[in-house]
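Sending over a structure as structure tokens; questions will come in a sec.
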Amino acid sequence: MKRILFIAPESFPVMSSESICNSKVAYVLASAGYKVDVYTCDDRDTYPEDNLIDAYLRNHKNLRIFPVRNSKVLISRSNGFKSNFKNLIFNLGILLKTGFWYNGISIPYSIYKSIEDNIRKEGDFDYDFMITRATYCDLAAILLKRKYNIIWNANWNDPFPDKKFPEPYGRGYNTKLPFFENRIFKAIQKMVDIHTFPSERLRKYQLKCFPLVKTDKTMVIPHMAHSELLPIIQKPKLDSSVLQLVHCGSVGKPRDPGLFLEALSRVLIKRTFDRGQIHCSFVGRYDENLDQIINHFGLEDVVSLIPPMSYSDSLSYISQCDVSLIIEAQCEEGIYLPTKFVDAMQTHKPVFCVSPSNGTLRDMVSLYNVGYYSDNTSVISIEKVIEQMLLDFKNNNLPTVDNNVASDFFEDSIIDKFRSII
């Protein structure tokens, strides 16, 4: 039985979109017969802590979870000028030992020390494969690769590093990096055996950032929906006579819901459809002025704002609605595969993607016929799609989503992809 070293600072507990993706992958690898050791130091709170799904995904005989030090402590020690100056000796020690330095480097270094401590306790480095997921794994993986020459799969759910994110999130792939960051950036390109990405567009974008990496050293493995979770979270529909839309996750700049709300108000002003036929809930954090925007468009009776829920509760809420709404930032190209898309597949709900006209979500809707797409720069485009959804709902003709339609996102397909590289 092969053993996998799984380094994912955000995995357990399940409290963020990154931890959702990573914890499910760790669980499905364990379910497939691999021995998986997870190193995590997550304490982010995008969602309230999820005791239900977190407990379910932890509970596998092939899965061991090793918490490293609290990530907030690590970040405060090393992130930003003040903390770097305050802890200059500690950070210089890491630089002298490893040759690398960047803001936040104490996180992967602490992960590395924790792994080495456990190796010494157990007497041997007995791993066949190493998977890293997210930014703060790099130094730990580089040091382990150097020492043990283990096969290394680096997964990138976002572009790396964040300075090279596309606008409006970052400064683009041509952004130059500081000297020490560039050293670790080049080392990753030279040392990783296989890079994986959740979408084809993200892969192509990152290859622009990674000039030393060849396409044949990359693979697309999308975020995963897990069929075992559906019975845990599924609940009856809220109201069969109303088209229920739900957006789970933060909204606000740059993911601005303003155009969507304007389009919704335009549909209702026409009176082709009754106001009582549609309702939209925003679940999660939002900008303070969202209330004012809703009031401005006279949508107080049609749009609800709901505080953040745990991941399992948000999935349950999606299961009670008809369509999962996804609002993306306006940008030249949508390279991301949001976890919200896979959450909709997992709950067997179609999506309504208010997204860039050139982007991953438009690709997914077109390829799998799992919902609706509108251009997120055009209020008229959004308006037309809302009207089409209302008409389809009235005629009981919303798109059908299940494990067969979206099989590429479920565990059997995902584990087959991992088997091909492990």
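Taken together, the values in this text are just the output of simple stated rules run on the coordinates, not laboratory data. Bear in mind that the values here come from a model prediction, so they are computed numbers and not experimental data. A quick note on method: Cβ atoms are made from the backbone with ideal geometry, for glycine too, and the neighbour counts reach across all protein chains shown.
Determine, for THR360, THR272, the number of other Cβ atoms within 10 Å of each Cβ, and report the residues in order from fewest to most.
By the 10 Å Cβ count, ascending, the order reads THR272, THR360.
Mind checking which aspartates and glutamates have their C-alpha under 18 Å from LYS204, skipping anything on the same chain fewer than 8 residues away?
The reachable aspartates and glutamates, counting only those whose Cα sits under 18 Å from LYS204, are ASP158, ASP162, GLU167, ASP193, ASP216, GLU332, GLU333, ASP363.
May I ask what percent, to the nearest 5, of DSSP beta bridges between residues of the range 228-394 are antiparallel?
In the range 228-394, approximately 5 percent of DSSP beta bridges are antiparallel ones.
List residues of the range 209-245, by number, whose backbone nitrogen lies under 13 Å from a label position 7 Å along Cα→C-beta of ILE150.
Under cut-off, by backbone N: nothing.
Now for a separate question. Given a cut-off of under 8 Å on Cα pairs at least six residues apart, what relative contact order in percent is computed for the range 228-394?
Value for the range 228-394: 27 percent.
On a straight-distance basis, which aspartates and glutamates could pair with LYS2 in a cross-link, Cα separation under 12 angstrom, same-chain partners fewer than 8 positions away excluded?
List returned: ASP37, ASP126, ASP128.
Something else: Based on other C-beta atoms within 10 Å, arrange TYR173, TYR109 from fewest to most.
With the fewest neighbours first, TYR173, TYR109 line up as TYR173, TYR109.
Averaged over all directions, how much area does the convex hull of the C-alpha atoms of the chain cover when projected, in nm²?
The orientation-averaged projected area of the Cα hull of the chain comes to 20.2 nm².
When you count, for each residue, the other Cβ atoms within 10 Å and take the mean per peptide, how do 362-371, 146-155 rank with the highest first?
Those peptides, ordered most packed to least, come out 362-371, 146-155.
Pick from HIS60, HIS223, HIS195: which residue has the top mean-square fluctuation in a GNM of the chain where Cα pairs under 10 Å get a spring?
Fluctuation is largest for HIS60.
Related question: Please give the charge dipole size of the range 343-422, origin at the Cα centre, charges +1 on K and R Cβ atoms and -1 on D and E Cβ atoms. Round to the nearest 20 debye.
Magnitude of the dipole: close to 80 debye.
Determine the calculated [θ] at 222 nm for the chain from helices alone, applying -39500 (n - 2.57) to every DSSP H run no shorter than 4 residues and normalising by the residue count; nearest 500 deg cm²/dmol.
It comes out at -12500 deg cm²/dmol, rounded to the nearest 500.
Anything over 19 Å Cα to Cα? Flag those among LYS190/LYS217; LYS186/LYS214; LYS237/LYS349; LYS176/LYS208; LYS24/LYS237; LYS61/LYS417, in the order listed.
In this structure, LYS24/LYS237; LYS61/LYS417 lie more than 19 Å apart at Cα.
Pairs of Cα atoms under 8 Å, at least six residues apart: use those to get the relative contact order of the chain, whole percent.
Computed value for the chain: 14 percent relative contact order.
Ranked by Cβ crowding within 10 angstrom, fewest neighbours first, how are THR400, THR40, THR135 ordered?
Sorted ascending by nearby Cβ count, the order is THR400, THR135, THR40.
Can you figure out the FRET efficiency of SER407 with SER31, using R₀ = 22 Å and their beta-carbon distance, to the nearest 0.05?
Efficiency at R0 = 22 Å is approximately 0.80.
Another question, if that's okay. Which one, ASN396, ALA225, SER110, is farthest towards the positive end of the dipole of the chain when Lys and Arg carry +1 and Asp and Glu -1 on their Cβ?
Among ASN396, ALA225, SER110, the one farthest towards the positive end of the dipole of the chain is SER110.
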